[in-house]
Amino acid sequence: MHKDKDAALVNDCKRGDRQAMSQLVSQYQQPVFNAAYRILGNLDDAADATQTVFLKVFEHLSEYDQKFKFFSWVYRIAVNESLNQVKKRRAQESLDDDGQASPWQGPAEELDTKRLCQRVQDALMLLSDDYRTVVVLKHISSFSYQQISEILQLPEKTVKSRLYSARQLLKKTLEKEQEILPG
């Protein structure tokens, strides 16, 4: 994610260099997919969003302003595309999801870890898009507050405030769920 390397690749892409395009996709595909997955909560939807993100990146490459970091621009497109898919899904589907229980039963620790991950993912999906996005960018993609501020085009204070509120909501949701679980 080096700015000079990205700038050179972007310039090469603008001149039609397919190898430079391939390098940008290779460099950012996994982080974009991970962010999309955490926002969407579905592997297929995340794969679709990732593909759409890179189509948009290359369609609008001429609009990219190089005074900003390339990764911020790409992540902003990824976040927007993921949130757009969430909105489309909400409009098309009911929120009745039975979840997917795995028929595989492994060692107790692995099963507990898998259950905890699923509980956290479920709680994450209950957050509003704004809260979920900052949690994903901070805790899943490991961006700094400044980077998140650039990606979301928000003041750093707003990012911190949203993250604090999102954490509190996640904590309440997980604590509430823990109270209802037998055990």
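Assorted remarks:
- Accessible-area composition of the stretch 126-175, carbon plus sulfur, in percent [1.4 Å probe]: 50
- Electrostatic tally near Glu156: other residues with Cβ closer than 13 Å to its Cβ, Lys and Arg +1, Asp and Glu -1, net +3.
- Highest-first packing order for the peptide set 53-64, 132-143 is 132-143, 53-64, based on the mean count of other beta carbon atoms within 10 Å.
- Sequence-distant lysines (8 or more away, or on other chains) whose Cα lies within less than 23 Å of Lys87: Lys56, Lys138
- As a rough guide to protection, the peptides 25-32, 9-16, 44-51 ranked by mean Cβ packing within 10 Å, highest first, stand as 44-51, 25-32, 9-16.
- Normalised per residue, the accessible area of the stretch 1-41 is 57 Å², obtained with a 1.4 Å probe and no contribution from ligands, DNA or RNA.
- Shape call, the stretch 15-92: gyration tensor on alpha carbons, a/c limit 1.5: prolate
The values are calculated or read from the model by the stated rules, or taken from the named source; none is laboratory data. Note that the coordinates shown come from a computational prediction; the quantities given were computed from them, not determined experimentally. Cβ coordinates were reconstructed from backbone atoms using ideal geometry, including for glycine residues, and neighbour counts include every protein chain displayed. With ligands, DNA and RNA removed, areas are computed over all heavy atoms of the protein, side chains included. Shrake-Rupley method; radii C 1.70, N 1.55, O 1.52, S 1.80 Å.
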